[in-house]
Number of protein chains: 2
Amino acid sequence: MITSSANAQMKYISLLQRKASAREKDKSFVVEGVRLFSEVPKKLLLKTYVSERFRKEEIGKYEALFEGVSYEVVADRVFDAACDTQTPQGVLAIVRMPEVFPEKKGKAGLYLILDGIADPGNLGTIFRTAEAAGVSEIVMSAETVDLYNPKVVRSTMGSIFRMPHRRCSDLAGLIKKMQDSGIRCYATSLKQSEDYTKVSYKEATAIVIGNEAHGVSEAVLDACRQHIRIPMDGSIESLNAAIASAVVLFEAARQRR
Amino acid sequence: MITSSANAQMKYISLLQRKASAREKDKSFVVEGVRLFSEVPKKLLLKTYVSERFRKEEIGKYEALFEGVSYEVVADRVFDAACDTQTPQGVLAIVRMPEVFPEKKGKAGLYLILDGIADPGNLGTIFRTAEAAGVSEIVMSAETVDLYNPKVVRSTMGSIFRMPHRRCSDLAGLIKKMQDSGIRCYATSLKQSEDYTKVSYKEATAIVIGNEAHGVSEAVLDACRQHIRIPMDGSIESLNAAIASAVVLFEAARQRR
């Protein structure tokens, strides 16, 4: 049993929790909690830890989940200190970053392009929402918050393992290529642009959502041939980025059904 | 200048920040930050505080905002301790709870009924989203998180002062009355129910959103004559409550345009 936070494994977990650079270097990140642990594909599982209390009181309830999984037991206080959540459940794993590629489904692709989403909770919620709306792939700009940040991982609720995704350092260039290959690229914008319900999402489509404070960047706006906006009542200046994504993606899903 | 957290006014602010019962008793709550302060109707402003630093360096930039407003200056450290935000901006106010009633707009009403929303961030985001979608009034069950919780107030981004709202301890009874007076009440549900895009929101309509973990309560589901669901792809079991609200409300807004 691990009984000290000075233990090398505990220090490594803490490093992965805090540093995007360490996660990127080792292509690994930390998953916490029973629910999220149950979503991890077994082949990505590098190392599993349970708290002493969880081993005594809880693990019996999750036989199938722990079948064939070897784990280290960690003293409760040391375990809790390694967690990012405020009320740790007693399960934590080091997991290899998933590489999920789009399947050819025979349907026209629906792409979501994120240009600088900064809030971890927003990014996680967008992943979960995009999966539900049938998005084929999410492309994130280099400025978008790290997908393997503990708060993002949690708020994806497991979508991180299923939703195809990649980073791209030149969104404007990518969008030009997508348009040349016949994909319609719609940038969301608050300026003069079309009502998002008046355009078609039935063919191959990409939807671009911008940063919470500054919206879609100038270069990306310029690259997109079409701009759309969500008409708003009241004195609202803009919607939350995850909400705007949901509204446009589910309109696309509606048209595609 | 107030220089101690033991000052009676500072203790009162701290009480209002922490206790829903104190807010309810005095019908008052705390607003933080320049942006939100600028949304407070002047007649609701009970008392304004600024930090020493803000008074020296910032207040000159906001002349119009502080016109006719008297304020107390508070030592920086004492000010920061009174704030709920992690990076206080230097403005804080005690504000009377708004009573915002629905206007008769000549349009059929669009009501949003919240049955037990528990997460403060969700409730705030739902207020902001509902205003943008043209909702006439939000009705909250007694179990819904306190609207004047500092995190809810922040995430409404000012909608709290504009969006008509009330609490109701008997949602099922209210829904029955609404239906008797011709308002269609749609409960969102994951069980057998209609695709939310296949029903009409053009007449007077109420949409019911449930608790994040448990959904709409049995009594309220029973009271609603119609149940709707959002079709979902992938392995997603449910959407975030604010996302689900947005998807249904903006479909209603689309049909009503």
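The values are calculated or read from the model by the stated rules, or taken from the named source; none is laboratory data. Because the structure is a prediction, the values reported are computed rather than measured. Neighbour counts are summed over all protein chains in view; Cβ atoms, including those assigned to glycine, are modelled from backbone coordinates with ideal geometry.
Observations on the model:
- Hey, B:Thr144 within 14 Å of chain A (Cβ to nearest Cβ) and either buried (at least 17 other Cβ atoms within 10 Å of the Cβ) or closer than 20 Å to B:Lys107 by Cα (or both) or not: no
- Odd one out for B:Lys151 among (1) crowded, with 18+ Cβ neighbours inside 10 Å; (2) assigned to a helix (DSSP H, G or I); (3) within 11 Å of the chain's Cα centre (by Cα): (1)
- Residues of the range B:230-247 that are over 21 Å from the mean Cα position of the chain (by Cα) and either closer than 18 Å to B:Ile126 by Cα or among the β-branched types (Val, Ile, Thr) (or both): B:Ile230, B:Ile236, B:Ser238.
- Selection count where residues are of a type outside the set (S, T, N, Q) and either in a loop (DSSP other than H, G, I, E, B) or not assigned by TED's automatic domain parsing to the domain that holds A:Gly124 (or both), scope the range A:238-252: 1
- Candidate set from the range B:176-193 (those that are farther than 23 Å from B:Ile243 by Cβ and hydrophobic (A, V, I, L, M, F, W, C)); member that is surrounded by the most Cβ atoms within 10 Å (Cβ to Cβ): B:Met178
- Test result for B:Ser217, under 18 Å from B:Ala130 (Cα atoms) and either hydroxyl-bearing (Ser, Thr, Tyr) or in the same structural domain as B:Ile175 (by TED's automatic domain parsing) (or both): no
- Odd one out for B:Ala253, checked against (1) of a type outside the set (Lys, Arg); (2) more than 8 Å from chain A (Cβ to nearest Cβ); (3) touching a Pro at 6+ places or on another chain (Cβ under 9 Å): (2)
- Among the residues of this structure, B:Phe127 counts as one that is under 19 Å from the mean Cα position of the chain (by Cα) and either over 21 Å from B:Glu39 (Cβ atoms) or in the same structural domain as B:Ser141 (by TED's automatic domain parsing) (or both).
- The set of residues in the range B:194-237 being crowded, with 16+ Cβ neighbours inside 10 Å, touching a residue at least 40 places away in the same chain (Cβ under 8 Å) and assigned to a loop (DSSP other than H, G, I, E, B) consists of B:Tyr201, B:Ala204, B:Glu212, B:Val216, B:Ser217, B:Cys224, B:Ile230.
- The set of residues in the range B:127-141 being without any contact (Cβ under 8 Å) to a residue 60 or more places away in the chain, crowded, with 24+ Cβ neighbours inside 10 Å and of a type in the set (Gly, Ala, Ser) consists of B:Ala132 alone.
- Selection of the range B:161-176 for residues being under 24 Å from the mean Cα position of the chain (by Cα), of a type outside the set (A, V, I, L, M, F, W, C) and either in a loop (DSSP other than H, G, I, E, B) or over 20 Å from B:Leu147 (Cα atoms) (or both) yields B:Arg162, B:Pro164, B:Ser169, B:Asp170, B:Gly173.
- Residue list for the range B:80-126, restricted to those being of a type in the set (Gly, Ala, Ser), buried (at least 16 other Cβ atoms within 10 Å of the Cβ) and assigned to a helix (DSSP H, G or I): B:Ala82, B:Gly121, B:Gly124
- Complete set of residues in the range A:1-33 that are free of Cβ contacts under 8 Å to residues at least 24 places away in the same chain and within 14 Å of A:Arg77 (Cβ to Cβ): A:Ala6
- Per-region count, the range B:202-250, residues polar (S, T, N, Q), more than 28 Å from A:Lys198 (Cα to Cα) and within 14 Å of chain A (Cβ to nearest Cβ): 1
- Unmet criterion (only one of (1) farther than 19 Å from A:Ala246 by Cα; (2) more than 10 Å from every other protein chain (Cβ to nearest Cβ)) for B:Met163: (2)
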